[in-house]
Amino acid sequence: MLQKMCDSLNGAKVPSNDDLTEQQMEHLLVDKKHNFLYCYVPKVACTNWKRVLMILTDAWNGTEPLDIPAKLAHSPGIFVKFSALPDEEKAQVLADYTRFIITRHPFERLLSAYRNKLEGNLSSAQYFQARVGRQIIKHFRPNASNLSLATGNDVTFSEFAQYLLTPELSMNYQANQSFNEHWEPITNLCNPCLVKYNVIGKYETLIEDSALALHLINGTVTFPAGQRTSGTSERMRTYFDTLPIGILRGLYQLYEKDFKLFGYSLDDVLGFEL
C-alpha cells in the first residue's frame with residue numbers, strides 16, 4: 001500500500017539517495033552488527049527504541065532497556081547515523097538492511113506532542129513553553145495576561161493549532177522550512193518513498209510489531225512491554241472537538257501524506273471525515 005501511494009504521489013519521478021535531506025539522514029540510525037536501519041520518530045516510542053538499539057549495538061552493557069536513563073538514550077554521539085556513512089555503504093544499507101519504522105496516527109501524535117511539550121510542568125515542557133509557548137500566546141491570544149506572556153505555560157490546543165497553520169512562525173526556514181521534530185510529519189522525517197522500509201510497525205500494535213522487527217534481525221533484546229500509556233488516544237475527542245472545521249481541515253492538509261501513506265483516517269479518532 002505504501003509503495004502504491006508513493007507511486008501516485010511521485011508520478012514518474014524516481015527518488016535517489018541524493019534526495020535525502022540532512023534532517024532525514026540524522027533520523028536514520030544504523031546498527032551494522034544486525035544489518036538494521038531504524039528511523040526514529042519523536043512521540044512514537046523512540047525513547048524505548050533508542051534504548052533497545054543501545055543494547056543491540058553494545059553502547060550499553062546490560063540487557064534491560066528500561067535501566068537506561070531516557071536522557072542518555074537521546075544524548076549525541078551514541079548511534080551511527082546514516083549521514084556518517086560513505087555513499088557506497090549508504091546504497092548497501094538502503095538495498096540490503098532490515099529497514100524499520102513505527103508510525104502513529106498523525107493527530108494522536110500531534111496531541112501527544114502538545115500534551116508533553118506545552119502542557120504541564122515537566123522540565124522539557126518548561127523549555128518549550130519558554131521558547132514556543134510564549135510566542136504562541138503573544139500572537140494568538142488577545143489581551144493575554146502578563147503571567148501568560150512571561151511563562152507561556154497555558155497555551156490551549158486551539159492556539160497551538162493556529163500556530164502550526166502560520167508557517168512564518170512555526171517553520172524553521174534555516175532547516176528547509178521544517179517544523180520542530182516533535183510535530184514534523186513522519187513523511188518529512190523518514191522519507192518512506194525513498195528508504196522503502198520493509199518492516200512498518202504501528203504505535204497501535206507497538207509491542208507485537210517491535211517483537212517482529214527484533215525477531216527478523218535475531219536481536220536478543222526484549223522490547224519493554226506493559227508500561228502505562230499516556231492516555232492520549234482516549235482524550236482525542238476532548239481536544240479536537242474544540243477546533244473549528246477550518247482548522248481541522250488545515251491540520252489534515254499539513255499531515256495529509258502521513259494519513260495517506262500509512263493508512264490512517266480522520267474517522268479513526270474523530271468519528272467523521274472532512
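Numbers for the structure displayed
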| read-out | value |
| --- | --- |
| Qualifying helices (runs of 4 or more DSSP H) (wholly inside region 2-78; at least 2 residues being of a type in the set (S, T, N, Q)) | 2-10, 22-27, 46-56 |
| Among the candidates SER123, SER75, residue that is open to solvent by 40 Å² or more (accessible area, probe 1.4 Å) and farther than 25 Å from PHE259 by Cα | SER123 |
| Output for region 79-118, where each listed residue is assigned to a loop (DSSP other than H, G, I, E, B) and buried (at least 18 other Cβ atoms within 10 Å of the Cβ) | PHE79, TYR97, ARG104, HIS105, LEU118 |
| Complete set of residues in region 155-167 that are modelled with pLDDT of 95 or more and open to solvent by 30 Å² or more (accessible area, probe 1.4 Å) | THR156, SER158, GLN162, LEU165 |
| Scan of region 49-63 for residues that are of a type outside the set (Val, Ile, Thr) and open to solvent by 20 Å² or more (accessible area, probe 1.4 Å), ordered by number | ARG51, ASP58, ALA59, TRP60, ASN61, GLY62 |
| Condition met for GLU184 (charged (D, E, K, R) and surrounded by fewer than 16 Cβ atoms within 10 Å (Cβ to Cβ)) | no |
| Positions within region 119-162 being part of a loop (DSSP other than H, G, I, E, B) and either without any contact (Cβ under 8 Å) to a residue 12 or more places away in the chain or among the charged types (D, E, K, R) (or both), in sequence order | GLU119, GLY120, LEU122, ARG141, PRO142, ASN143, ALA144, SER145, ASP154 |
| Test: residue in region 136-144 that is touching a Gly at 6+ places or on another chain (Cβ under 8 Å) and open to solvent by 40 Å² or more (accessible area, probe 1.4 Å) | no |
| Answer from PHE140, PHE157, PHE100 - the residue that is aromatic (Phe, Trp, Tyr) and closer than 30 Å to HIS215 by Cβ | PHE100 |
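The values are calculated or read from the model by the stated rules, or taken from the named source; none is laboratory data. From a predicted model like this one, the values you see are computed outputs, not experimental measurements. Cβ sites come from the backbone with ideal geometry, for glycine too, and all protein chains shown count toward neighbours. Heads up: the accessible areas ignore ligands, DNA and RNA and are worked out on the full protein's heavy atoms, side chains in. Shrake-Rupley method; radii C 1.70, N 1.55, O 1.52, S 1.80 Å.
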